[in-house]
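Encoded as structure tokens, the structure appears first; notes follow it.
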């Protein structure tokens with residue numbers, strides 16, 4: 001019975017790995033069409049663009065998560081309350097993105113896209129991700145400049 005259970009588990013892992021590979025390929029192709037350079041590093045897709053912020057993509061159970069990090073300035077530690085209040089205001093105006101401060105006080109932007117991948121809905125999602133970034137980095141540029149590099 002143990003051998004059968006192990007065999008079934010291995011088959012499930014292979015199916016999940018195959019499905020993940022297909023999802024990664026579709027997402028990379030889509031992002032490439034939009035002018036991004038995307039490559040796989042282990043299970044993470046690293047995404048760069050000549051004029052837009054870089055981010056990475058990880059696949060979780062039933063979704064992918066986009067993540068972008070922005071390093072904090074040293075003086076942001078002494079102004080943590082104001083930094084958090086800014087992040088709260090940005091979150092109120094965001095469409096798909098969630099802005100947080102991680103344990104190192106860096107600004108992290110995340111967004112979750114539920115799978116399966118559909119070209120049309122992923123297009124809308126990426127457009128909203130980009131809109132959030134442009135809108136927030138423009139509207140809050142001066143304030144963000146106090147806290148992130």
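The values are calculated or read from the model by the stated rules, or taken from the named source; none is laboratory data. All of these numbers come straight from a predicted model, not from anything done at the bench. All Cβ positions, even for glycine, are placed from backbone atoms using ideal geometry, and neighbour counts span all protein chains on display.
Looking at this structure, is residue 105 assigned to a loop (DSSP other than H, G, I, E, B) and farther than 28 Å from residue 40 by Cβ?
Working: assigned to a loop (DSSP other than H, G, I, E, B): yes; farther than 28 Å from residue 40 by Cβ: yes.
Against the criterion (assigned to a loop (DSSP other than H, G, I, E, B) and farther than 28 Å from residue 40 by Cβ), residue 105 qualifies.
All of 30, 24 fail the test of being within 16 Å of the chain's Cα centre (by Cα), at pLDDT below 95, surrounded by 14 or more Cβ atoms within 10 Å (Cβ to Cβ) and farther than 24 Å from residue 141 by Cα, apart from 24. Scanning the stretch 121-149 for residues that are more than 19 Å from residue 66 (Cβ to Cβ), assigned to a helix (DSSP H, G or I) and touching a helix residue (DSSP H, G or I) at 6+ places or on another chain (Cβ under 9 Å) yields 139, 143, 146, 147.
Against the list (1) under 30 Å from residue 22 (Cα atoms); (2) at pLDDT 95 or above; (3) surrounded by 14 or more Cβ atoms within 10 Å (Cβ to Cβ), the condition residue 52 fails is (2).
Only residues that are under 12 Å from residue 148 (Cβ atoms) and either free of Cβ contacts under 8 Å to residues at least 60 places away in the same chain or part of a strand (DSSP E or B) (or both) were counted in the stretch 78-101, giving 4. Report, by residue number, each residue of the stretch 50-77 that is in contact with a strand residue (DSSP E or B) (Cβ under 7 Å, 6 or more places away or on another chain), free of Cβ contacts under 8 Å to residues at least 40 places away in the same chain and either on the phi > 0 side of the Ramachandran plot or not in a strand (DSSP E or B) (or both). Result: 54, single match. Pairing each residue of the stretch 104-129 that is in contact (Cβ under 8 Å) with a residue 12 or more places away in the chain with any residue that is loosely packed, with under 13 Cβ neighbours inside 10 Å and in a helix (DSSP H, G or I), provided the two are 6+ apart or on different chains, yields C-beta distances under 7 Å for 105/77.
Just checking, does the stretch 91-99 include any residue being at pLDDT 95 or above, out of contact with any helix residue (DSSP H, G or I) (no Cβ under 6 Å at 6 or more places or on another chain) and farther than 21 Å from residue 60 by Cα?
Restricting attention to the stretch 91-99, the residues satisfying the condition of being at pLDDT 95 or above are 91-92, 94-99.
Filter once more, so that each one left must be out of contact with any helix residue (DSSP H, G or I) (no Cβ under 6 Å at 6 or more places or on another chain): 91-92, 98.
This time we only want the ones that are farther than 21 Å from residue 60 by Cα, so: 91-92.
Yes, there is a match, as at least one residue in the stretch 91-99 is at pLDDT 95 or above, out of contact with any helix residue (DSSP H, G or I) (no Cβ under 6 Å at 6 or more places or on another chain) and farther than 21 Å from residue 60 by Cα.
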